[in-house]
Structures are given as structure tokens and as C-alpha cells.
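The values are calculated or read from the model by the stated rules, or taken from the named source; none is laboratory data. A quick note: this is a predicted structure, and the numbers were derived from the prediction, not measured. Note: ideal-geometry Cβ built from the backbone for every residue, glycine included; neighbour counts use all protein chains shown.
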Amino acid sequence: MKTRRFLPEDRAACLAVFDSNVPGFFRSAERQAFQAFLEDPPGPFLVLEDRAEGIVGCGGIAEEGGGLASLCWGMVKSSRHGQGLGRRMLEARLDLMRRDPGIGTVRLETLPQTVGFFEKSGFQVASRERDGYAPGVDRVVLVRGL
């Protein structure tokens, strides 16, 4: 298992990871936005590659300026949930941010069902927006310092 930088030829595999998480964590309508994101990521985008299975996870970083960076489009293939791969992807992205002296705070937007995962890594809820993604799908903003 290795974490590495995203390559253009990884698009189809990352889209397959996304598809495996519909409808549990993403809506099918978001696929087009993710596909456009993969065409021109705003910052480093990583993939988690299993030697036998190929790409099983991915996630990126977007610098927001003013010492703030956001985690974006982080996901693990649904059949691999609960195996520590999400934590591995999170730590790889946090490690990249720690190397950048211009980043002091990390932010992310997520669903209520993933809040506990991020809180275990030191994130705190900054805000909640009822129906923030869609009717019945709340948006939670979390932050933490590096």
C-alpha cells in the first residue's frame, strides 16, 4: 500500500472510488463536479494505491490563503471502509500541509456521519448548516490547527 501524487491516468480509478460511495456519502449529481476537479485540482491531490487492487482512496488539499487550507474530495472505496485507509489518507494530507509554513489551519466540509472520524484527529465543529448540501443532507464545517 502506498500514497502517491495523482496522475491524469488515475482519473477513471478515482471516479470508481467516488461511484462506490454513492449514495452513502455522495450524490450522483456531484460526480460531474468531482470529474471537473480531477481535470485541474487546485492543489496537491493524492491517491492511495493497493498493490493488488489498484487505487482504493484519494483526497486533496486546496490552499485558501491567509494560513488556511482545506481538505477536499477525500474518500476511500466503500468496500475498504473501516480498515484504517481513511486515516492513512488524512494523515498523508496533514503531513503535506505541515511541510508548508504558510498553512496553520485546516478546514473541511463534510456530512454529519463523518464528524466523529475527524474529531478523533483533532478537528472541531465550527458550524452546521441544515440542508447545506441538499434537502435532508446537512453540511458540517470542521477546523483544526496544524
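Laid out as a table, the results:
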{"read-out": "Evaluation of Gly122 against (1) in a loop (DSSP other than H, G, I, E, B); (2) crowded, with 16+ Cβ neighbours inside 10 Å (one fails), failing number", "value": "(2)"}
{"read-out": "Region 81-98 residues that are at pLDDT 95 or above, paired with ones that are part of a helix (DSSP H, G or I) (beta carbon under 9 Å, 6 or more apart)", "value": "Gly86/Arg80; Gly86/Thr114; Gly86/Phe117; Arg87/Phe117; Leu90/Phe117; Leu90/Phe118"}
{"read-out": "Qualifying residue in region 31-38 (condition: surrounded by 17 or more Cβ atoms within 10 Å (Cβ to Cβ) and in contact with an Asp or Glu (Cβ under 7 Å, 6 or more places away or on another chain))", "value": "no"}
{"read-out": "Residue match in region 92-103 (condition: within 22 Å of Pro23 (Cα to Cα) and either aliphatic (A, V, I, L, M) or surrounded by fewer than 17 Cβ atoms within 10 Å (Cβ to Cβ) (or both))", "value": "no"}
{"read-out": "Residue check, Arg11 part of a helix (DSSP H, G or I) and closer than 24 Å to Phe117 by Cα", "value": "no"}
{"read-out": "Count of region 47-74 residues which are surrounded by fewer than 21 Cβ atoms within 10 Å (Cβ to Cβ), under 18 Å from Phe18 (Cα atoms) and among the aliphatic types (A, V, I, L, M)", "value": "1"}
{"read-out": "Qualifying residue in region 86-95 (condition: more than 13 Å from the chain's Cα centre (by Cα) and not acidic (Asp, Glu))", "value": "no"}
{"read-out": "Search result, residues across region 48-63 that are touching a strand residue (DSSP E or B) at 6+ places or on another chain (Cβ under 6 Å) and either over 11 Å from Lys2 (Cα atoms) or at pLDDT below 95 (or both)", "value": "Cys58, Gly59, Gly60, Ile61, Ala62, Glu63"}
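Yes/no matrix, rows are residues, columns are (1) assigned to a helix (DSSP H, G or I); (2) closer than 27 Å to Gly132 by Cα; (3) more than 14 Å from the chain's Cα centre (by Cα); (4) not hydroxyl-bearing (Ser, Thr, Tyr):
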| position | (1), (2), (3), (4) |
| --- | --- |
| Gly24 | no, yes, yes, yes |
| Gln32 | yes, yes, yes, yes |
| Leu38 | yes, yes, no, yes |
| Trp73 | no, yes, no, yes |
